[in-house]
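Written below as structure tokens is the structure these notes are about.
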């Protein structure tokens, strides 16, 4: 069964690139959005193994999203994607999927 | 933020060699170091009460390697399809790629975000173009930086049709996420690095070299055989990752050969000695935690 990944970002072209790269892996399946409200709707409708936060999300929005997701599903893993392309994406996902989730309150969010 | 959490819990992203500065001589044997390197954590040495210095040795032949024909790359840390959980980062230093690109070949238009990306040409010329309108050539002696921030698209090619390009590409996690994207490059006088540590990068736009969105300082030095020099850290909480570009060195008492890397943290000063003629080293002083 494919690992389900939700990708949230603010840059349309980068988001499409990240989605394309993830979906090129036959073991992963990604959905993505630029809007937080839509992210929450998608999150409530499907079951995700991992949530990937990409660029441009403000600290306030990131905190709100993390609190919502972990409140609804404490075991979901949420990670920040850095680099914007293929360089770190695979290792970030592999590492995140191999680790237990960390609750939102324990993150030190910058 | 997940990465901050993971950086806090393990600032080297891999195994740590621990020793006091007084006991550095105990770690001088490369075979012993290789053996220890494979271990996840090394406990403090029994009976030691002075602050410990941490060492992290990456021998050149232990790096990830990919050969796409037109591109050959050695990865010190996990990158692209090379995934080694023991090789994730040294502090905020996340990528150290040692690349060779065939004549006329290169990387087409692709995105970056939230990363400080530094390119250091070693041989040949690279042509850069980005969506901010920058078109530039960088050559040996230059340094290029991109603060990718909220997002940047760029391409980079070997400019020459008759010569390979070799360069280091280095990625640091940024001090602040989502900054405005920025491109810069500087041409440096390579004579200034002869038997000297020439600063090529800092956090300060008024300081030597290029500047980045991180409390990091890079220096390059090229030395005569037996030349000795000390490097004093700018910030005591930072660490230094030394990468031998050419030749052989003793750094903090540890023998290093060409393309070996050594991370050192929890120290204020590092002693270097060149063990071959024209030995060249890159020192990258970086924060050991993010934020």
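FYI, it's all coordinate maths here, none of it is from the lab. In this text, all values refer to a predicted model and were calculated from it rather than measured experimentally. Positions of Cβ are backbone-derived with ideal geometry, glycine not excepted, and every protein chain shown enters the neighbour counts.
Taking beta carbons within 10 Å but only from partner chains, what does the mean come to for residues A:73-86? All intermediate terms of the calculation are to be shown ahead of the outcome.
Values: counts 0, 0, 0, 0, 1, 2, 5, 7, 4, 12, 12, 13, 9, 5.
Average per residue, whole number: 5.
What does the average come to when, for each residue of peptide B:256-267, you count the partner chain Cβ atoms lying within 10 Å of its Cβ? Working shown, then result.
Working: counts 0, 0, 0, 0, 0, 0, 0, 0, 0, 0, 0, 0.
What the average comes to for B:256-267 is 0.
So how do B:53, A:76 line up by other beta-carbon neighbours within 10 Å, fewest first? Intermediate results must be reported in sequence, preceding the final value.
Values: B:53 23, A:76 17.
Lowest to highest Cβ neighbour count: A:76, B:53.
Within the P(r) computed for the stretch B:159-226, what percentage of the Cα pairs occupies the region above 19 Å? Numbers along the way, then the final one.
Values: 1088 of 2278 pairs.
The answer is 48 percent, as a whole percent.
Please label the shape of the stretch B:53-141 as rounded, prolate or oblate, based on the square roots a ≥ b ≥ c of the eigenvalues of the alpha-carbon gyration tensor (a/c under 1.5 means rounded; beyond that, a/b larger than b/c means prolate, else oblate).
Working: a/c = 1.85, a/b = 1.55, b/c = 1.20.
Since a/c reaches 1.5 and a/b is larger than b/c, the shape of the stretch B:53-141 is classed as prolate.
Pick from A:47, A:64, A:98: which is most flexible by mean-square fluctuation in a GNM of chain A where alpha carbon atoms under 10 Å apart are linked?
Evaluated over chain A, the most mobile residue of the options is A:98.
Which whole number gives the average, over all residues in B:210-220, of C-beta atoms from other chains lying within 10 Å of the residue C-beta? Let's see the in-between values first.
Numbers: counts 0, 0, 0, 0, 0, 0, 0, 0, 0, 0, 0.
Other-chain Cβ atoms within 10 Å of each residue's Cβ, averaged: 0.
Which value at 222 nm does chain A reach when only helices count, each DSSP H run of 4 or more adding -39,500 (n - 2.57), with the total divided by all residues and rounded to the nearest 500 deg cm²/dmol? Display every interim value, and only then the final one.
Working: 4 runs with 49 residues, N = 110.
Roughly -14000 deg cm²/dmol at 222 nm, from the helical runs in chain A.
Rounded to a whole number of µm²/s, how large is the Stokes-Einstein D of the stretch B:75-213 at 20 °C and 1.002 mPa s, given Rh as the Kirkwood radius over C-alpha pairs?
Details: Rh = 15.6 Å.
Result for D is 137 µm²/s.
Can you put B:132, B:88, B:146 in order of Cβ neighbours within 10 angstrom, beginning with the fewest? Walk me through the numbers before you get to the answer.
Values: B:132 13, B:88 21, B:146 24.
Sorted ascending by nearby Cβ count, the order is B:132, B:88, B:146.
Using a Gaussian network model of chain A whose springs link C-alpha atoms within less than 10 Å, name the residue from A:19, A:52, A:97 with the highest mean-square fluctuation.
A:97
For chain A, what is the largest minus smallest coordinate of the Cα atoms on each principal axis, given in angstrom and ordered from greatest to least?
32, 28, 27
If I build a Gaussian network model for chain A, linking alpha-carbon pairs within less than 10 angstrom, which residue out of A:80, A:95, A:16 has the largest mean-square fluctuation?
Comparing A:80, A:95, A:16 in the GNM, the peak value goes to A:95.
How many angstrom lie between the C-alpha centres of the stretch A:2-69 and the stretch B:177-237?
37
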